[in-house]
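The values are calculated or read from the model by the stated rules, or taken from the named source; none is laboratory data. Predicted model, so just to flag it, every value in this text is computed and none were measured. We place every Cβ from the backbone using ideal geometry, glycine too, and count neighbours over all the protein chains shown. Surface accessibility is based on the protein's heavy atoms, side chains included, excluding ligands, DNA and RNA. Shrake-Rupley method; radii C 1.70, N 1.55, O 1.52, S 1.80 Å.
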Amino acid sequence: DEFGDTTAIKTAINNFFNPIGIENENNFYTFSAYPNPTTNVFNLELNIKIPAQTQIEMVDMSGKVVKNISNSYLSAGLQKFKVETAEVPDGIYFIRIMSGGKISNYKISIKH
């Protein structure tokens, strides 16, 4: 295809326009991840305001999923995840959270 991979282009455009940060808040949850940058493990905390089916993934800059963190119905309150990254190559990644019909991306850096 002379125009390249349209899925990757669409993902890159969506990633560009979605909110990026390490702490963020919306109507459905607040989010934080630390330490950032990280080496072999980071903590992800999601304070759910409205219970919902929630999918959390780590994706690379091209939008490819490199790690599935969670895909389950999360109840209201603080949800904590410890994410192992020893096998993930150094680089910039996004934590993609899909919950309450909303998709958010948060940047995290891995440096071993």
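Table for the structure above
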quantity: Breaking point among (1) assigned to a loop (DSSP other than H, G, I, E, B); (2) surrounded by 14 or more Cβ atoms within 10 Å (Cβ to Cβ); (3) at pLDDT below 70, for GLU2; calculated: (2)
quantity: Test: residue in segment 26-49 that is out of contact with any Asp or Glu (no Cβ under 6 Å at 6 or more places or on another chain), open to solvent by 60 Å² or more (accessible area, probe 1.4 Å), outside any strand (DSSP E or B) and closer than 15 Å to ILE103 by Cα; calculated: yes
quantity: Count - residues of segment 68-104 that are more than 10 Å from TYR29 (Cβ to Cβ), outside any strand (DSSP E or B) and either of a type in the set (D, E, K, R) or touching a residue at least 12 places away in the same chain (Cβ under 8 Å) (or both); calculated: 7
quantity: Residue satisfying all of: in segment 86-101; out of contact with any Ser or Thr (no Cβ under 9 Å at 6 or more places or on another chain) and closer than 30 Å to ILE50 by Cα; most open to solvent (accessible area, probe 1.4 Å) among these; calculated: GLY101
quantity: Boolean, PHE42 is touching a Gly at 6+ places or on another chain (Cβ under 6 Å) and in contact (Cβ under 8 Å) with a residue 12 or more places away in the chain; calculated: no
